[in-house]
Structures are given as C-alpha cells and as structure tokens.
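Just below is one structure, and these are the notes that go with it.
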Amino acid sequence: MNAHSTSDTSEAYIALGANLGDREQTLMSAIRMLDKQDDIKVTACSDLYETDPVGYTDQPAFINMAISVNTTLSPQELLGRMLEIENQLGRVRHIRWGPRTVDLDLLWYEGVEMNTEKLILPHPRMQERAFVLVPLSDVVREKSDNISYFVQTALESLDERDGIRRWKTCNWPDESALSGN
C-alpha cells in the first residue's frame, strides 16, 4: 500500500449505479451529498447510461455513471463516506449484484494500490465491466495519466459493449443542464 498524507489532495474515481426508484434523482442526490462534504469536491461527471443488469439479471435496468473527485480523505475514509451516503439513500444489501437504490464503488484512488478485507484498489473487476468503463472514460478522457491509459486499454480489450445506452447528459455542476431523454 502506498503512503498517503491526509493533508494532500488526491484524485479519485467513483462509479455510481441505481435501478430502483427515481434512478436519476438518486444518483444526482448522491453526487450532491458527496460534493457537500468539506473534504470532497466533485470535479467531473460522466453522462448517464442505461445498462442491462449483469450477474443477477432478473431486475430492472440500471442507470450508471462515474465521477471524479478531489479529496483530502484517505481511501478508507472516502469509502466510509460513500457507504454512509448509500445508507442515507436507502441502500439495502439482500442479493449480490441485486436491485438497489444506489451503489457507489471506489474505482481508483490516485496511484494507491491496496488489498484489504473492505477495500481493493484499483477496483478488481472494473476492467471487465463496460457499464463501469464507458462512463469512466467520459471523466478520464482529458487525462494523460495512468487511469486514462488503463481505461482506454481495458475498453479496447472488451469483447462487447451490448446493453449500454447513453441515456442523458450530465453537465456537472449545473444540474439544470440535464438534457431530456
């Protein structure tokens, strides 16, 4: 695990998904809740993609997206805040990969590699999941660092991207700029 000083600002990427209730509203609420934290600043937001469920398929379609944040929190502290927000937005864990009001996954945290019981960085399955990589490519495309290369390489190696449809555009921070279907 790489050392991290909590006084430094680090960039992190978070995947968001929802398939119960008002999916778009819940995702935007999660982003607002993250951005309102003193030690987290949302810096970019992907478009919203409607995606077919993976794993447990007998459930409604998801809306998936990704954001980048700057934070002074450690990876573990950031994960803790994300889990608190999931709980506040009604997340219940009954079925692995099952329906959910919201899901927040910490994908990458500025060069940190770790493997603990609660957190693995970078996220161990993101390179296999088009529903993660496609939105993530929206927020890393301007970058010239390792995450941009990683995402592009992973996207090129995916066999298929079926089941992912651009649903709406997100112009963070101006939520009023969300376009219609």
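The values are calculated or read from the model by the stated rules, or taken from the named source; none is laboratory data. Model, not experiment: these values are computed from the prediction. Neighbour counts run over all protein chains shown; Cβ positions are idealised from the backbone, glycine included. Areas reflect the complete protein model, heavy atoms only, side chains present, ligands, DNA and RNA absent. Shrake-Rupley method; radii C 1.70, N 1.55, O 1.52, S 1.80 Å.
Does the stretch 7-22 hold any residues that are of a type outside the set (A, V, I, L, M, F, W, C) and more than 14 Å from the chain's Cα centre (by Cα), and which are they?
Within the stretch 7-22, Ser7, Asp8, Thr9, Ser10, Asn19, Gly21, Asp22 meet the criteria.
Among the residues of the stretch 137-163 satisfying the criterion of being open to solvent by 40 Å² or more (accessible area, probe 1.4 Å) and not in a loop (DSSP other than H, G, I, E, B), which is modelled with the lowest pLDDT?
Filtering first and then ranking leaves Asn146.
Select from the stretch 26-59 the residues that are closer than 18 Å to Pro99 by Cβ and in contact with a Pro (Cβ under 6 Å, 6 or more places away or on another chain) and list them in ascending order.
Tyr49, Gln59
Looking at the stretch 58-108, which of its residues are of a type in the set (Lys, Arg), open to solvent by 30 Å² or more (accessible area, probe 1.4 Å) and either modelled with pLDDT under 95 or farther than 15 Å from Leu34 by Cα (or both)?
Residues satisfying the conditions are Arg91, Arg93, Arg96.
Within the stretch 63-71, can one find any residue that is in a loop (DSSP other than H, G, I, E, B) and either over 13 Å from Thr9 (Cβ atoms) or touching a residue at least 60 places away in the same chain (Cβ under 8 Å) (or both)?
No, because not a single residue in the stretch 63-71 is in a loop (DSSP other than H, G, I, E, B) and either over 13 Å from Thr9 (Cβ atoms) or touching a residue at least 60 places away in the same chain (Cβ under 8 Å) (or both).
Restricting attention to the stretch 22-45, which residues are within 17 Å of Asn64 (Cα to Cα), open to solvent by 50 Å² or more (accessible area, probe 1.4 Å) and among the acidic types (Asp, Glu)?
Asp22
Small (Gly, Ala, Ser) and within 19 Å of Asn171 (Cα to Cα): is that true of Ser10 in this structure?
Spelling it out, it is not the case that Ser10 is small (Gly, Ala, Ser) and within 19 Å of Asn171 (Cα to Cα).
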